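Below: the structure, in structure tokens.
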Amino acid sequence: MLSPTLGKKRIVAKAVRRPLSKLAGHLDTLMLTQIILTDQDVLPRVTSAVLAEGFETIRGSLKLATKAFAITKLVERLVLEDVPNRQIFAVSVEALSRLNSEEKWSAIWLKYLSQLTDNLGVGLSNWRCLRCNEPVVDDASFVVSERRLVCGKCNEEFAGPTIPMATNSIKLLSIVRTKPFSMLRRVNLPTLNALQVEEILLREITDWMNRPWSEYGAIAR
């Protein structure tokens, strides 16, 4: 399970698979549940469970469930066992709630990735060129090693590995990083621009995890 106070935790739910188990309807995959555990340090046992949110729309749709598992796959890697992380728990539940309400997936996913970069302390916040220090507003590139943007003019002189970004991708990245979800949900998100922003955010997250970013791409799903 994932808990805001206990982090990722292994627990025991005895007899939960029995047809008449009182816990069966509260401890299924993708359920938000209030539970009471025994005070054992290793493999505590569930003594009580009350369902708070079943995310029924997600669990009733293979398409939505696949997207939800993209969220939980990242959580599985980011959260350490027995280490509380209230912020990741909160933004993950928020993303699942939006998905359950069938909000636009690309907006949900990009905002969620941006919130994770903030939690990890790797979120992009400098919108000036790495070389000339001018504001980046047109086509530019993301410098992987420096985690900074370089404008189109300076990019020609830059020898390090970069990721090209179109003008609309720069604008979208800025909206994702600085504006609330209520605004992002109203913005047209062309697939090409969404994919470029997804790559930048995922590279930041998976570099921290020391994992290939492409394993976690979910816009194209």
* Based on the Cβ-Cβ distance of E53 and V144, what FRET efficiency does E = 1/(1 + (r/R0)^6) give at R0 = 35 Å, to the nearest 0.05? -> 0.35
* To do: Restricting to the range 1-119, compute how many DSSP beta bridges are antiparallel as a %, nearest 5.
  => 80
* Structure fact -> So, with points 7 Å from each Cα along the Cβ direction, the V122-E134 label distance in nm works out to 3.0
* Kindly point out which whole DSSP H helices in the chain project their C-alpha atoms 20 angstrom or further along the helix axis while averaging a Kyte-Doolittle hydropathy of -0.5 or above. => 62-78, 86-100, 105-120, 191-209
* Taking only Cα atoms of the range 2-51, radius of gyration then Dmax in Å -> 10.6, 31
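Counting each pair of different Cα atoms once, what's the Kirkwood radius of the range 79-153 in Å, rounded to one decimal? Write out the running numbers ahead of the final one.
Values: mean 1/r = 0.0686 Å⁻¹.
Taking every pair of different Cα atoms in the range 79-153, averaging 1/r and inverting gives 14.6 Å.
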* Structure fact -> Which of T117, T167, T29 fluctuates most in a GNM of the chain (C-alpha springs under 10 Å)? That residue is T29
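Using only DSSP helix segments of four residues or longer, with each worth -39500 (n - 2.57), what per-residue ellipticity at 222 nm results for the chain after dividing by its residue count and rounding to 500? List each step's numbers first, then the result.
Details: 8 runs with 91 residues, N = 221.
Per the formula, -12500 deg cm²/dmol.
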* Under-5 Å amide H pairs with V136, H placed in peptide plane, nonlocal only -> R128, C129
* Asked: Measuring from the lowest to the highest alpha carbon on each principal axis, how far does the chain reach, largest first, in angstroms?
  -> 67, 34, 25
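Would you kindly calculate the translational diffusion coefficient of the range 1-130, applying Stokes-Einstein with the Kirkwood radius from alpha carbon pairs, for 20 °C and a viscosity of 1.002 mPa s, and quote it in µm² s⁻¹ without decimals?
Values: Rh = 16.1 Å.
Value of D from the Cα-based Kirkwood radius: 133 µm²/s.
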* Using θ = phi - 60° and Karplus 6.51 cos²θ - 1.76 cosθ + 1.60, couplings along the range 10-15 (whole Hz; Gly, Pro as x) -> 8, 9, 10, 10, 5, 6
* **Estimated Rh, the range 142-221: Kirkwood, alpha-carbon pairs, angstrom** => 13.6
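Laboratory data are not the source of any read-out in this text; all were calculated from the coordinates shown. Remember, it's a predicted structure, so these values are computed and weren't measured experimentally. No Cβ is skipped: glycine too gets one built from the backbone with ideal geometry, and neighbour counts run over all protein chains shown.
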